[in-house]
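The values are calculated or read from the model by the stated rules, or taken from the named source; none is laboratory data. These numbers come from a predicted model, not from an experiment. Using ideal geometry, Cβ is built from the backbone for each residue, glycine included, and neighbour counts are taken over all protein chains shown.
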Amino acid sequence: MKTWHTILSATAVSVLAALAIVRGPQWFGPASGDPQGNPQGQAAKAAGTPPPWLVTAHPDGSSEALGLALGAGTLADVRQRFGADTQIAIIAAPGEDGSLEAFVDPAQAGFIAGKLVVTAALPASSPATLRSLRERALKSEFMESTTRKYTLRAEDEALALQARIVALSFIPQASLDADIILARFGTPAARLRSNDRQEHFLYPDKGLDVILDSEGKELLQYVAPRDFERLRAPLQAASAASATSAASAPQAAR
């Protein structure tokens, strides 16, 4: 079973691994040469999707981010917004039933380009449902390590488009630092370290976790605010374990 604090998508794990040594300039503002700040010059398309720091939270605990409704929208909404090139597949590690995900590359959010992974759940889905979809898949291929990607048949993809959006993972092309995060996203409710290289900026009212990675690419994770505790609780446990390990290291060296 996946833990929410690590990441909400196996696809994003693979993307992050591939990009671990690729760090662009520390820039999170408009690009020069384009009055709309869109590096690709596709201003009209960029204008349709809000930038990553604009999140609308609703009284019922749901939210909207990157133009998608967490907890209410579907993969059909993802395809409508980002186009027919949106890839939909089941991603599974050995021993797991897998998760239904959509992958958009490139994904334009305002004037920010990046990669987007959407985790979704079918109505009344069960492990048996995912296993059936995997068994009928057109093909399967390895991603990072032993994780496999199962490409769905057309009739099964039509079913997958009805799946409800559970979480978003956005990997911006531009690199972030702490100052940029604070300037764009505001002061977080908490800052936690899950290990010696990753710091999490937590915004529970937005359902947002911004992960600053000193050695790899940054990651923005979105869930509905009502689901945020499922993301925060494992993180707090990992942070406490990391702190305990760091405190015991000097004693062990004596």
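Per-structure values
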{"item": "Members of the range 165-184 that are surrounded by 19 or more Cβ atoms within 10 Å (Cβ to Cβ) and touching a Pro at 6+ places or on another chain (Cβ under 9 Å)", "result": "Phe170, Pro172, Ala174, Ile181"}
{"item": "Residue count, the range 49-67 (criterion: free of Cβ contacts under 8 Å to residues at least 40 places away in the same chain and more than 16 Å from the chain's Cα centre (by Cα))", "result": "3"}
{"item": "Residue pairs meeting the criteria (Cβ under 7 Å; at least 6 apart or on separate chains; first over 11 Å from Glu101 (Cα atoms) and of a type in the set (D, E, K, R), in the range 150-161; second surrounded by fewer than 15 Cβ atoms within 10 Å (Cβ to Cβ) and at pLDDT below 95)", "result": "Arg153/Arg136; Arg153/Leu138; Asp156/Arg136"}
{"item": "Qualifying residue in the range 190-201 (condition: over 20 Å from Ala167 (Cα atoms), aliphatic (A, V, I, L, M) and touching a Phe, Trp or Tyr at 6+ places or on another chain (Cβ under 9 Å))", "result": "yes"}
{"item": "The range 78-116 - residue that is of a type outside the set (A, V, I, L, M) and touching a Leu at 6+ places or on another chain (Cβ under 6 Å) and, of those, surrounded by the most Cβ atoms within 10 Å (Cβ to Cβ)", "result": "Gly98"}
{"item": "Filter result (under 18 Å from the mean Cα position of the chain (by Cα) and either within 19 Å of Ser239 (Cβ to Cβ) or surrounded by fewer than 18 Cβ atoms within 10 Å (Cβ to Cβ) (or both)) within the range 194-206", "result": "Ser194, Gln198, Glu199, His200, Phe201, Leu202, Tyr203, Pro204, Asp205"}
{"item": "Residue among Pro127, Pro106 that is out of contact with any Gly (no Cβ under 6 Å at 6 or more places or on another chain) and over 28 Å from Ala174 (Cβ atoms)", "result": "Pro127"}
{"item": "Single match in Ala65, Ala69 (criterion: touching a Ser or Thr at 6+ places or on another chain (Cβ under 8 Å) and surrounded by fewer than 20 Cβ atoms within 10 Å (Cβ to Cβ))", "result": "Ala69"}
{"item": "Which numbered condition Gln236 misses (of (1) free of Cβ contacts under 8 Å to residues at least 40 places away in the same chain; (2) surrounded by fewer than 19 Cβ atoms within 10 Å (Cβ to Cβ))", "result": "(1)"}
{"item": "In the range 27-48, the residues that are under 30 Å from Leu152 (Cβ atoms) and either at pLDDT 95 or above or not in a loop (DSSP other than H, G, I, E, B) (or both)", "result": "Lys45, Ala46"}
{"item": "Residue within the range 160-175 that is more than 29 Å from Gln80 (Cβ to Cβ) and of a type in the set (A, V, I, L, M, F, W, C) present", "result": "no"}
{"item": "Residue tally, condition closer than 16 Å to Gly114 by Cβ, in contact (Cβ under 8 Å) with a residue 40 or more places away in the chain and not acidic (Asp, Glu), over the range 169-227", "result": "18"}
{"item": "Sole exception among (1) modelled with pLDDT under 85; (2) within 30 Å of Arg184 (Cα to Cα) for Ala107, by number", "result": "(1)"}
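Yes or no, residue by residue, for (1) in contact (Cβ under 8 Å) with a residue 40 or more places away in the chain; (2) of a type in the set (Ser, Thr, Tyr):
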{"site": "Ala113", "(1), (2)": "yes, no"}
{"site": "Leu116", "(1), (2)": "yes, no"}
{"site": "Ala120", "(1), (2)": "yes, no"}
{"site": "Pro127", "(1), (2)": "no, no"}
{"site": "Ser132", "(1), (2)": "no, yes"}
{"site": "Arg136", "(1), (2)": "no, no"}
{"site": "Lys139", "(1), (2)": "no, no"}
{"site": "Phe142", "(1), (2)": "no, no"}
{"site": "Arg148", "(1), (2)": "yes, no"}
